[in-house]
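The values are calculated or read from the model by the stated rules, or taken from the named source; none is laboratory data. All values reported here derive from a predicted model rather than from experimental measurement. Cβ coordinates were reconstructed from backbone atoms using ideal geometry, including for glycine residues, and neighbour counts include every protein chain displayed. For accessibility, only protein heavy atoms count, side chains too; no ligands or nucleic acids. Shrake-Rupley method; radii C 1.70, N 1.55, O 1.52, S 1.80 Å.
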Amino acid sequence: MQASNVGVLRIASARRVVRVARAISTDAPASAHAASAAKGSGASATVPTFQEAILRLQQYWADRGCALWLPHNTEVGAGTMNPATFLRSLGPEPWSVCYPEPSIRPDDSRYGDNPNRVQRHTQFQVILKPDPGNAQELYLGSLEALGIDTKAHDLRFVEDNWESPVLGAWGLGWEVWLDGMEVTQFTYFQQCGSLKVAPTAVEITYGLERIMMSLQGVKHFKDIRYNDTMTYGEMLLQNEYEMSVFNMDEADVPAHQLRFELADKEANRMLDARLPLPAFDQLLKASHAFNILDARGAVGVTERQKLFASMRKLARESAVLWVARREELGFPLGVWEPEPVPDPVRTKGAAPTEAADFLLEVGTEELPPADVASGSEQLSKAIEACLDAAGLTHGGVVVGATPRRMVVKVKDLAAAQESKQERNRGPPLSRAFEEDGVTPTKAAMGFAKKNGVDPADLEKDGEYVWANVQTVGRAAHEVIADALPGIVGGINFPKTMRWNGDAAFSRPLRWLLAMHGEYHLPFVALGVASGSTTRLLRNSPTPTAEVTSAAHHAQLLEGDTIEISFDARRAAIWSAAEKLAAGVNGVVPPTAGESGGLIDEVVNLIESPTPIIGGFDPAFLELPKEVLVMVMRKHQRYFPVEDVATGDLLPHFITVANGSVNPDVVRAGNESVLKARYEDAKFFYEADTRRKLADFKPDLAGITFQTELGTMLEKTERVEKLAPKLATSLGFSESDAKVATEAAALARADLATQLVQEFTSLAGVMGKHYAAREGLDAPLCEAIFEAALPRSSGDILPSSPAGIAVAVADRLDTLAGLFAVVGAPKATADPFGLRRAAYGAVQALVASNSRCDLRAALAEAAALQPVECGDDVVDECLEYMTRRLEQYLVDSGCGVEAVRAVLAERGGDPAVAAVTARALDAAIVGGSEELKAAMTVLARPTRLVRGKELPADLEVKKESLVDAEEVALYEAYVAAREKVGVHSEATVGDLLSAAASLSEASEAFFDKVYVMAEEPELRRNRMALMNAIASLSEGIVDFTELPGF
């Protein structure tokens, strides 16, 4: 039964199965719906008014089987919260609806002044349950219905991992970008109300104001043409202003606290009454009351956690009850079951009889950039392993990938495995036959069966029986076809999703193509059958094409300008970007093109690179450069352009579109988007600069660090106390300690600024900028910035004394407090970033060569915590930081044996440990004779005393030295001890030289003297000497960690 007919059936007690046919198979034209998008929908090529846009979308989706739903009758923060989405996504019933939803977000109140941000914005919501198989193509068709020419515009599906912890909901999908502007969220729901969404529901959420501003070419939401007689502003600007005043200034806090309590109480009462819809409605009322309280700044740390927990509980219990009630009703809309997987392709070509090229293409909806690289690498390795295991010869494996495909090509793959003649030995004759010498035993019969021969054909050689086995090589296409389901299904990703059944992948798998020569391999992987087609660009005249061979596949992609080679795409993008920048007398910052730079992400966002240069109003250059660049790189994936001579930012950017587009249209769209983002940044920047940085510090009381550890203000106050103590212990001057105190007080203040709350990666950067802007001393400004360093792997490190002190103090506070309340990270889970904190602290100390007694510093941090933080916590933190130091030193090139040998003695002082480990590693790598001699000298004494309980006051008594050899060894030891000096200050060179100097005396001693003498005092004294020599390396190196000791 078709999904579009489901809604006409009345509630019944019996379940029925609803099987929704897939809209497309692996070979169906991907643009079938997109090409006919406007037909029958009343679509017009003219630019619609706001009102017409809603009507067009309603008609489009209604024509495709969606029921027209209505906005909810109470405030919701997003269309997702409408019961038609949140509750109806659950359970096995098919459900397809569309509706406009006014979404109320009090925190976005801007009094109508901000051109791009409103507290009441309009979403158009579409739910397709189950996934029809071509939801992306249907969506693109809806854009055509709105009058958007998808062949002229740059349309991109950019990774978005959506989640709502309060609702216990999450899903994977994309932001849809129209010429750089996010216009839609496209999500495959995986969970709602902590329940699995099965079948998977597709949510498409259009941001209508953004789309209409782009379509109509207006710069402010108020100028959108609402209909033929009114603008959006004339319709809603007064509402925007007055509701902003209410949300931000006038809403009565006690009244809304009471509203939350009443709604929460009523929701629980409705749950007790087994009425999930009224219960969920009351949850929405509580949620809106919370949002207003939050906008008014009236939600404290403890209160926030409490209210979140309450709403999460209501969402979960409403969801569970909803599914239970629908089941009691017999699931009136039916129980969905997937269609059977279609048969894989029947080949159109003959299997090769000689070596031929092999091709595998795994086609998907847009993969996240990181998954493009990792998935294709895994696929390539798996194919190579398969071929090697099967003994199939070939001329090499090449891999390429784009967001929509992973392609492996094998040159000159053998047509079949080689046939083999083998002679396998079996059991001895004595065990192979019964006493008559003719009747085979069970052992012989088992051996014959294992080798596929008749027992009568077993040969005898006088001692054993033998089987002559001929293995006929299988055709390569048979071997590979059998392996491909496991190979494709075995690719691992950090996050996976379901889309049709229980098969999981990074994003939906949509087509499979495998060919050996002209032969199409039939197989099924993750519920998708292989076909004989590939897909080209979505805006291509022929988006689906038949493939006749690997060479033909390459020709098809090249003809559509799809480049599957990572290196070729990277080179093309960088070369074009450099030329475009040179055209405006600029240069793209070289860091953007380095490994790990912006280009690594951009190269895996597109299949067919089309770089385009755009510009922005030079007036925006008055904003901090860091803000402008961050918006370009992080939010828009643009390459900034700098002045060749000065390095100053120029009012230009470079974007990379996908495929053939209208450059002028795409340029104008991206320029508009960047202008809007810069207007936002300017709005926040101007608001922030009306206050001094110190004025933001009290606002940190509203930002949670961790429930038991308090707010960011309380954390700041702890670091203020710790930083000067740490600065002093690190050997910094009194003036440095004073700067550290002042910096610690302000280092986190920018977290409360509007600009950093909007662009969190600017924390520290804006603190420094705002401090400098108000005239604070340069060392203080620098320390405020450096307190946030390092922010990520490979980041710069703090270098000023005050900056080092605050950065390390902040991380020690984090580690001590969080180890006390939540413990060390488990496996890969590290929600509080403790690995990063520990790694950053040791990096800062090592890079600056700052001596630090970590145990003492951690104890100071522990003493300041608001929770119990005893010696056991300090010990655990110290061990954790030592392991991060080990990782850091090994990553920087030190041998792991040298690192572990040093950390066993000096792990509590990272800077000294690093110097020592590098010196020891150099001695090991260089084959130092002194090292060999030192290890020889120390090895035997160490073995003699290891594991023995020796008195703590064990000392060598000179008067108990009897033999000349032990006197000589003792005197040599005393000289060596003086060479080593204070152990905490000794270098590896000092130790090796001192220990090696004992070689001659040590050899003579062990030749002539028996340590374990019968006379007690003699034995005690000689053991004391052995212990003294073995202790020469204490506090410097533990040689027992080195091989061969």
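Helices in the chain, meaning DSSP H runs of at least 4 residues, each add -39500 (n - 2.57). Divided by all residues, the mean residue ellipticity at 222 nm is -14000 deg cm²/dmol. Simple spin-label estimate for D567 and S430 gives 6.3 nm between the two label positions (7 Å along the Cα-to-Cβ direction from each Cα).
Annotation for region 680-719: GluC sites (Glu not before Pro) lying in DSSP loop with at most 15 further Cβ atoms inside 10 Å of their Cβ are E708. Using only Cα coordinates, the Kirkwood hydrodynamic radius of region 496-634 works out to 18.5 Å.
Residues of region 822-846 falling in the label zone of D795, defined by backbone nitrogen less than 19 Å from a point 7 Å along Cα to beta-carbon, are 830-846. From the residues G501, G947, T548, which one has its Cα farthest along the dipole of the chain in the positive direction, the dipole being from +1 and -1 charges on Cβ of Lys/Arg and Asp/Glu about the Cα centre? Ranked along the dipole, the leading option is G501.
Give me the net charge for the shell around V465: Cβ to Cβ below 14 angstrom, other residues only, Lys and Arg +1, Asp and Glu -1. Provide the component values of the computation, followed by the final result.
Numbers: positive: R423, R425, R431, K442, K449, K450, K460; negative: E434, D454, D457, E459, D461, E463.
That sum, taken over residues with Cβ under 14 Å, equals +1.
Computed about its Cα centre, the charge dipole of region 693-787 is approximately 140 debye, with only Lys, Arg, Asp and Glu carrying charge at their Cβ. Principal axis analysis of the Cα atoms in the chain yields extents of 113, 100, 70 Å, listed in decreasing size. Picking from V912, G593, V479, whose Cα lies most toward the positive end of the charge dipole for the chain (charges on Cβ: Lys, Arg +1; Asp, Glu -1)? Selected residue: V479.
Given a Förster distance of 41 angstrom, what is the FRET efficiency for R423 paired with D343, based on the Cβ-Cβ distance and rounded to 0.05?
Details: r = 42 Å, r/R0 = 1.03.
E between R423 and D343, to the nearest 0.05, is 0.45.
Gyration tensor over the Cα atoms of region 50-329: the corresponding equivalent ellipsoid has semi-axes (square roots of 5 times the eigenvalues, largest first) of 30, 26, 15 Å. Placing R0 at 41 angstrom, the Cβ-Cβ distance between D149 and D107 gives a FRET efficiency of 0.70 after rounding to 0.05. Close amide H contacts of W95 (hydrogens built in the peptide plane, cut-off under 5 Å, sequence separation of 5 or more or a different chain): K129. Taking amide H as placed 1.01 Å from N in the peptide plane, T122 has its amide H under 5 Å from the amide H of S103, L208, E209, each at least 5 places away in sequence or on another chain.
Just the projected area, averaged over all directions, of the convex hull on the alpha carbon atoms of region 88-247: how many nm²? Kindly include the intermediate steps, with their values, before the conclusion.
Working: hull surface 40.6 nm².
The directionally averaged projection comes out at 10.1 nm².
List the residues of region 327-361 whose backbone N lies under 11 Å from a point placed 7 Å from the Cα of T393 along the Cα-to-Cβ direction. Within reach of a label on T393: 355.
When the charge dipole of the chain is built from unit charges on Cβ atoms (+1 for Lys and Arg, -1 for Asp and Glu) and taken about the Cα centre, the candidate among Q257, I127, M213 whose Cα reaches farthest toward its positive end is I127.
Give me the aspartates and glutamates in straight-line cross-link reach of K449: C-alpha distance below 14 Å, same-chain residues under 8 apart excluded. Reachable aspartates and glutamates: D457. In sequence order, region 717-734 has phi-based couplings of 5, 5, 5, 4, 7, 7, 4, x, 5, 5, 4, 5, 5, 7, x, 7, 6, 4 Hz under the Karplus curve 6.51 cos²θ - 1.76 cosθ + 1.60, θ = phi - 60°, and Gly or Pro positions carry x.
Leaving out ligands and nucleic acids, and using a 1.4 Å probe, what accessible area per residue does the chain come to in Å²? Intermediate values should be presented prior to the final figure.
Numbers: 44410 Å² over 1045 residues.
Roughly 42 Å² per residue, with all protein chains present.
As a quick test, which of the pairs K625/K721; K219/K682; K129/K348; K222/K697; K381/K826 have an alpha carbon distance above 24 angstrom in this structure? Cα-Cα > 24 Å for K625/K721; K129/K348; K222/K697; K381/K826; rest within. Derived from the Cα gyration tensor, the three semi-axes of the equivalent ellipsoid of region 420-471 are 18, 11, 8 Å, largest first.
Within a straight-line Cα-Cα reach of under 23 Å, K958 can be paired with the following lysines, leaving aside sequence neighbours fewer than 8 residues apart in one chain: K948, K979, K1008. Structural size metrics of region 934-1040, computed from C-alpha coordinates, are Rg and Dmax of 13.0, 39 Å. Rounded to the nearest Hz, the phi-derived 3J(HN,Hα) couplings of region 446-460 under the Karplus curve 6.51 cos²θ - 1.76 cosθ + 1.60 (θ = phi - 60°) are x, 5, 5, 5, 4, 9, x, 10, 6, x, 5, 8, 5, 9, 10, where x marks glycine and proline. DSSP finds beta bridges in the chain, and of those with both partners inside it, around 95 percent are antiparallel.
Basic side chains Lys and Arg get +1 at the Cβ, acidic Asp and Glu get -1 at the Cβ, and with that the dipole of the chain about its Cα centre reaches some 2860 debye. Computed from phi, the 3J(HN,Hα) profile of region 76-83 under the Karplus parametrisation 6.51, -1.76, 1.60 (θ = phi - 60°) reads 10, x, 6, x, 4, 7, 4, x Hz, with x in place of Gly and Pro.
Amide H to amide H, with H built 1.01 Å from N, A525 comes under 5 Å of S530, counting only residues 5 or more places away or on other chains.
Share of carbon and sulfur in the accessible area of the chain stands at 51%, probe radius 1.4 Å.
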